[in-house]
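Visitor: I have a structure here, written as structure tokens, and I will follow up with some questions on it.
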Amino acid sequence: MLEEVRIQGLGVIDDAVVELSPGLTVVTGETGAGKTMVVTGLGLLFGGRADPQRVRPGAGRAVVEGRLTVPSDGRVASRVFDAGGDIEDDVLLMARTVSAEGRSRASMGGRSAPVSLLAYLAEDLVAVHGQSDQQRLLRTDRQRSSLDRFAGEALHKAMKRYSVAFRRYRDVSQELEELVERARERAQEADMLRFGVEEITAAEPQPGEDAELLVEETRLAHADGLRIAATTAHEALAGDPASDVEVDVAALLSVARQAVASVREHDTQLAAIGDRLDETSYILTDAATELASYAESVEADPARLAAVQERRALLTQLSRKYGESTDEVLAWAEQAAKRLEELEGDDEHIEQLQSESDELYERMEAAAEELTRLRNEAAEHFGEAVTEELTALAMPHARVRVRISTEEEFGPHGRDEVELLLAPHPSSPPLPLHKGASGGELSRVMLAIEVVFAGADPVPTFVFDEVDAGVGGKAAVEIGRRLARLAQRAQVIVVTHLPQVAAFADAHLVVEKSTEGLVTESGVVRLDRPGRVRELSRMLAGLENSELGRAHAEELLAKADPERAYPSA
């Protein structure tokens, strides 16, 4: 709800503060005082087109600031928080500045914001109905959503069933389409994986086999050199039995051991050295034995070497394709086998998805048909109700109906396109609202629609400018009565020149001219009961102190008292 709007440098307004209340607030004043600038300011505040010609001469810029109450857990608050703005104690501050050069700036919740964001928020905050404003209910999506709310709980349940089926059908169709479109790619991938798995399976690689074969190949390739080295080392340690000269490490070590052993009891230090010589002798003997055994085991085997090299070549070929080692090749084969199972199971999955898609389509189609039926029923009641309202609003020959066109394609809200049509005269063909009515008529049509939709549309604030243009007498009273009825469910702000409308207000604001023809900071005044009597008298008779006018004003207020949203006003 709007609590306060401050307007500076806009049109004839220099500086004015408009304090707003729940229920019905009317704004009145003499011609040229700046009543319509209040609506213009609200339009700017909620993202309307910036016209630099509206900037007050000499002001340099026009500024409109607004304070609103919004629930901190609602959609508007969520969007404000996403944009980096702040809401404190459920109060949102908004501002719009337009320079004389045409530059426009906006802020929201204490942060700069694009003007488009203000317009986006306005969808959930305010509905402005003026002859020069873009009407919210002229949009077919709003007409459809409002009609759905008007239809009530039965359509809400049908929409819920449809939405569940539609979302699931959309997801299943997308997945099915992707699987079918990728059938060739999946077949190619499966062939590649299958070839690789078969190639690896045929080779039967073992974990760590490539490293073991490398060791074996190296040994076989150098068998002669290894055997000669082992034999030479053995002879150097243990001697050559075929030689007459015993010159070897074992013989020399034996001489050293005997020399030390003969005197070791005389010195512990020498005895320790003797122990180390004994230990060395044991190690030397073991090494010589192992060398002899190794030399006998090493044999050149060209056939085995060729087999090992061939096997290594096969494993190397696999490694180039599937991994750097045998272990990685085996891991690739395991993953490829799993992927093959998935790919080969896609055909079955496609059949399951197709079956589910067919079932969902039938459910969605049945729910959509139910939505169409309920909308047509609601449309008939709605058209009759609005037409009845228009009769009371001095448009007795106007007819409103709802055209529902059922499309082939399913959408998030069914298959129906909803559009409100107006025939202002019996001979006129029904046309969309913005084509079927003049500016003044359109405001009354919108009032009738909003009254019928009251409670079905969640917008908390309605603004009407010149809704009473071209009417008077009884029709003006009916306009006031319907505005008061609408104000029982929402905040309503009306700029009017008719006392019959103003009498129904819960709060009455008057825009006063200064002696120089300018509106100052005190230009917008909230009237008490006596002040309302004087203003209504002026509007009725042109004279504030006319006894006849005052009596008539008292009578209007008394008749309107029972129908106000806030009778104490």
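The values are calculated or read from the model by the stated rules, or taken from the named source; none is laboratory data. Predicted, not measured: the structure shown is a model, and the values here were computed from it. Neighbour counts are summed over all protein chains in view; Cβ atoms, including those assigned to glycine, are modelled from backbone coordinates with ideal geometry. Side chains included, ligands, DNA and RNA excluded: accessible areas come from the protein's heavy atoms. Shrake-Rupley method; radii C 1.70, N 1.55, O 1.52, S 1.80 Å.
Visitor: Mind telling me which of the residues THR25, THR97, THR31 ends up being among the polar types (S, T, N, Q), surrounded by fewer than 23 Cβ atoms within 10 Å (Cβ to Cβ) and outside any loop (DSSP other than H, G, I, E, B)? Explain how you work it out, then say what you get.
Guide: On the way: THR25 fails: surrounded by fewer than 23 Cβ atoms within 10 Å (Cβ to Cβ); THR31 fails: outside any loop (DSSP other than H, G, I, E, B).
Only one candidate qualifies: THR97.
Visitor: For the structure I just gave you, tell me whether ARG144 is farther than 24 Å from VAL5 by Cβ and either open to solvent by less than 20 Å² (accessible area, probe 1.4 Å) or basic (Lys, Arg) (or both).
Guide: Answer is yes for this residue.
Visitor: Filter segment 286-331 down to residues that are aromatic (Phe, Trp, Tyr) and open to solvent by 70 Å² or more (accessible area, probe 1.4 Å), then give me how many there are.
Guide: Let us first name the residues in segment 286-331 that are aromatic (Phe, Trp, Tyr), namely 294, 322.
Right, trim to open to solvent by 70 Å² or more (accessible area, probe 1.4 Å) and you get 294.
Qualifying residue count, segment 286-331: 1.
Visitor: Can I ask one more? Pull out all pairs, ordered by first then second residue, where Cβ-Cβ is under 6 Å, the residues are six or more apart or on different chains, the first lies in segment 12-33 and is within 15 Å of ASP465 (Cα to Cα) and modelled with pLDDT of 90 or more, and the second is open to solvent by 10 Å² or more (accessible area, probe 1.4 Å) and among the polar types (S, T, N, Q).
Guide: The qualifying pairs do not exist here.
Visitor: Name, by its number, the condition in (1) loosely packed, with under 12 Cβ neighbours inside 10 Å; (2) within 30 Å of GLU417 (Cβ to Cβ); (3) of a type outside the set (Ser, Thr, Tyr) that does not hold for ALA368.
Guide: In the conditions (1) loosely packed, with under 12 Cβ neighbours inside 10 Å; (2) within 30 Å of GLU417 (Cβ to Cβ); (3) of a type outside the set (Ser, Thr, Tyr), ALA368 misses (1) alone.
Visitor: Here is a follow-up. Could you run through segment 458-514 and say how many residues are open to solvent by 10 Å² or more (accessible area, probe 1.4 Å), at pLDDT 85 or above, part of a helix (DSSP H, G or I) and among the hydrophobic types (A, V, I, L, M, F, W, C)?
Guide: The total comes to 1.
Visitor: If the Cβ limit is 6 Å and pairs must be 6+ apart or interchain, which residue in segment 46-64 that is in contact (Cβ under 8 Å) with a residue 12 or more places away in the chain pairs with which residue that is surrounded by fewer than 20 Cβ atoms within 10 Å (Cβ to Cβ) and of a type in the set (A, V, I, L, M, F, W, C)?
Guide: Partner pairs satisfying both residue conditions: GLY47/VAL115; GLY47/ALA119; PRO52/ALA100; VAL55/ALA100; GLY60/ALA100.
Visitor: Give me the pairs: first residue in segment 383-408 and free of Cβ contacts under 8 Å to residues at least 12 places away in the same chain, second residue surrounded by 14 or more Cβ atoms within 10 Å (Cβ to Cβ) and in a helix (DSSP H, G or I), beta-carbon distance under 9 Å, and six or more apart or on different chains, which are they?
Guide: Listed by first residue and then by second, the contacts come to GLU388/ALA448; GLU388/VAL452; PRO396/LEU390.
Visitor: Among the residues that make up segment 174-189, is at least one of them buried (at least 16 other Cβ atoms within 10 Å of the Cβ) and of a type in the set (Gly, Ala, Ser)?
Guide: The answer is no; no qualifying residue exists.
Visitor: What is the one condition in (1) surrounded by fewer than 20 Cβ atoms within 10 Å (Cβ to Cβ); (2) within 18 Å of THR461 (Cα to Cα); (3) touching a Leu at 6+ places or on another chain (Cβ under 7 Å) that ALA77 does not satisfy?
Guide: (3)
Visitor: Could you list, in sequence order, the residues of segment 48-62 that are modelled with pLDDT of 85 or more and crowded, with 21+ Cβ neighbours inside 10 Å?
Guide: The answer is VAL55, ALA62.
Visitor: Got at least one residue in segment 117-127 being surrounded by 13 or more Cβ atoms within 10 Å (Cβ to Cβ), charged (D, E, K, R) and in contact with a Leu (Cβ under 8 Å, 6 or more places away or on another chain)? Break it down stepwise before answering.
Guide: Keep residues of segment 117-127 that are surrounded by 13 or more Cβ atoms within 10 Å (Cβ to Cβ), which gives 117-127.
Now drop any that are not charged (D, E, K, R), which leaves 123-124.
If we keep only those that are in contact with a Leu (Cβ under 8 Å, 6 or more places away or on another chain) as well, we get none.
The answer is no; no qualifying residue exists.
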